[in-house]
Amino acid sequence: MADAIIDIRALSLAYERGGVRNVILSNLDLTIARGEFVVIVGESGVGKSTLLRVLIGLARPSAGKVRLDTRPGCRTPMALVFQDARLLPWRRVIDNVAFGLEGSGLSRAERRAKAAEMLALVGLADLGGRWPHQLSGGQRQRVAIARALAVEPDVLLMDEPFSALDSFTREGLQDELQRIKAQTGKTVLFVTHDIDEAVTLADRVVVLAGSPGRVAAEVRIDVPRPRPRRDAALLDAARSLRAELSRRSADL
Amino acid sequence: MSLVRSTLLAAAGLLAFLLFWEAMPRLGLINPAFLPPPSTIPAAFLREVSLGIWPEAVLSSLSHYVAGLLAGAGAGVGLGLLSGMFRPFESFTAWIVRLLRPIPGLAWVPFAIIWFGVQPSAAVFIIAIGVFWIVFFATQGAVRGVDRDLIEVAQAFGFRSPLARLTKILLPAATPGILVGLRTALGQAWMAVVAAEIFGVPGVGQRMMQASSLLSTDIVVVYMLTMAALYGLFDSAFVALQGWLLRWRA
């Protein structure tokens with residue numbers, strides 16, 4: 001790929017527990033272009049989240065290489081948004097957003113200013129003084145996105161970030177994420193098990209399948225943005241993806 | 001039940017208790033030298049204050065209390081954090097803990113006297129031991145119970161050193177549990193104060209021993225109530241502090 005920001009080659013991850021060897025990922029190849037919005041879909045247990053955990057450094061691969069072409073010297077080339085927002089309950093919203101900036105050399109005032117800017121970006125400019133428990137589920141996930149964006153990562157990793165939200169909130173946040181993506185030009189690697197979500201968001205959908213998981217199929221979604229919901233081309237893409245997935249699981 | 005009603009009932013209960021207490025010696029059911037009626041307590045209190053004994057004893061006990069509490073709680077939090085954070089440290093100390101833990105604070109009195117003499121430092125030592133274990137176990141448990149998911153958040157943002165883990169996640173997340181231990185310690189330390197002073201270090205405990213050997217039971221009661229009042233004061237202040245520190249909780 002011309003301008004790859006992430007190049008994953010022959011990645012495998014296995015661990016042993018109680019004498020039983022569990023292979024989660026095997027020989028996975030995946031290249032992601034700078035500025036691309038890639039969505040990974042697949043059944044649960046196929047290793048989607050594990051892949052993100054490897055990239056952010058929460059899990060160690062057993063074999064394979066991950067080459068990153070991010071800005072040199074950047075402390076946080078990637079940032080992860082977890083499925084549950086995982087805000088720190090003892091910090092006010094603004095200080096949650098500023099969390100990743102601590103240790104970056106910025107003063108407290110600079111960190112707060114940056115955090116306020118990010119809160120405005122996710123549409124929560126007024127809620128900086130709240131405690132996390134005072135927020136709704138959707139607001140919490142927005143704060144988590146702001147926290148990830150605050151460290152100015154080259155790549156935003158998102159692990160089923162909207163799956164715990166009601167469908168109304170989810171669609172709102174999907175639109176919001178597309179706007180943020182257009183505004184910041186970040187590379188996004190997004191994991192979901194929701195096909196409609198995948199085709200709505202993605203430039204390219206990567207299907208992980210099998211046990212251990214590997215890349216089973218890739219589908220390019222060439223629908224111009226902003227994408228109207230229930231657009232015929234998106235529905236087509238979703239249909240063919242579903243067919244692909246069920247064919248894959250029938251193979252197993 | 002409304003707040004007014006429950007307050008009235010509580011006041012009535014206390015009044016009944018005082019009346020019963022007053023009646024027992026007055027009706028000759030108990031020798032007043034063994035149980036002074038409560039009506040004699042204010043006079044005894046004023047006498048102790050005017051002689052300057054009360055303020056001196058209280059100040060002295062308070063200084064033991066605060067020093068012992070700080071030393072015991074400080075060591076308990078520090079070692080509890082280490083033990084909660086590092087499994088090898090926990091294993092290394094496991095049998096030492098088992099060995100020392102069951103020894104009551106009072107059993108240390110002989111060594112306290114030998115090592116420190118009949119000095120305030122001996123009382124501080126006894127109090128510190130009484131407090132240490134409670135705080136140690138509360139801290140260790142609280143650290144161990146911290147949500148792994150939150151530790152991952154720190155790691156995901158590049159905070160991977162033990163110090164960063166401690167200051168950014170473990171300490172704030174464990175604070176509620178540590179505070180519960182500290183509050184228990186606050187009460188435990190008062191008990192230790194009396195015990196530690198009974199062997200002669202000046203303070204409330206010593207004054208109580210003196211008074212009881214002279215059968216001045218009214219003076220003993222003055223100091224019992226003094227300790228109840230001081231404990232109530234400290235506990236209320238602590239609860240207020242706790243509420244402020246944990247204001248982030250729902």
inquiry  = Whether any residue in the range A:63-77 is within 23 Å of A:THR184 (Cα to Cα) and of a type in the set (A, V, I, L, M, F, W, C) is what I want to check.
reply    = yes
request  = Quick one: count up the residues across the range A:191-242 that are outside any loop (DSSP other than H, G, I, E, B) and of a type in the set (Ser, Thr, Tyr).
outcome  = 2
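Say we look at the range A:1-47 and pick out the residues that are part of a strand (DSSP E or B) and acidic (Asp, Glu); which of these is surrounded by the most Cβ atoms within 10 Å (Cβ to Cβ)?
Looking at residues that are part of a strand (DSSP E or B) and acidic (Asp, Glu), I get A:ASP7.
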query = Could you list, in sequence order, the residues of the range B:28-61 that are β-branched (Val, Ile, Thr) and farther than 23 Å from B:ALA195 by Cβ?
reply = B:ILE30, B:THR40, B:ILE41, B:VAL49
remark   = Those residues of the range B:138-154 which are surrounded by 19 or more Cβ atoms within 10 Å (Cβ to Cβ) and either under 21 Å from B:ALA75 (Cα atoms) or more than 9 Å from every other protein chain (Cβ to nearest Cβ) (or both) amount to B:ALA138, B:THR139, B:GLN140, B:ALA142, B:VAL143, B:VAL146
key: Pair list, Cβ < 7 Å and 6+ apart or interchain, from the range B:36-54 residues that are outside any helix (DSSP H, G or I) to residues that are basic (Lys, Arg)   = B:PRO37/B:ARG26
query = Given A:ALA209, A:ALA198, which one is touching a helix residue (DSSP H, G or I) at 6+ places or on another chain (Cβ under 8 Å), of a type in the set (A, V, I, L, M), modelled with pLDDT under 90 and buried (at least 20 other Cβ atoms within 10 Å of the Cβ)?
reply = A:ALA209
task = Please verify whether the range A:60-76 includes one or more residues that are within 12 Å of chain B (Cβ to nearest Cβ), within 30 Å of A:ASP29 (Cβ to Cβ) and buried (at least 19 other Cβ atoms within 10 Å of the Cβ).
result = yes
ask   = Does B:LEU179 satisfy the criteria of being part of a helix (DSSP H, G or I) and within 15 Å of the chain's Cα centre (by Cα)?
value = yes
ask   = Restricting attention to the range B:156-166, does a residue exist that is crowded, with 17+ Cβ neighbours inside 10 Å, within 14 Å of another protein chain (Cβ to nearest Cβ), at positive phi and more than 14 Å from the chain's Cα centre (by Cα)?
value = yes
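The values are calculated or read from the model by the stated rules, or taken from the named source; none is laboratory data. A quick note: this is a predicted structure, and the numbers were derived from the prediction, not measured. Glycine also receives a Cβ, built like all others from the backbone with ideal geometry; neighbour counts cover every protein chain displayed.
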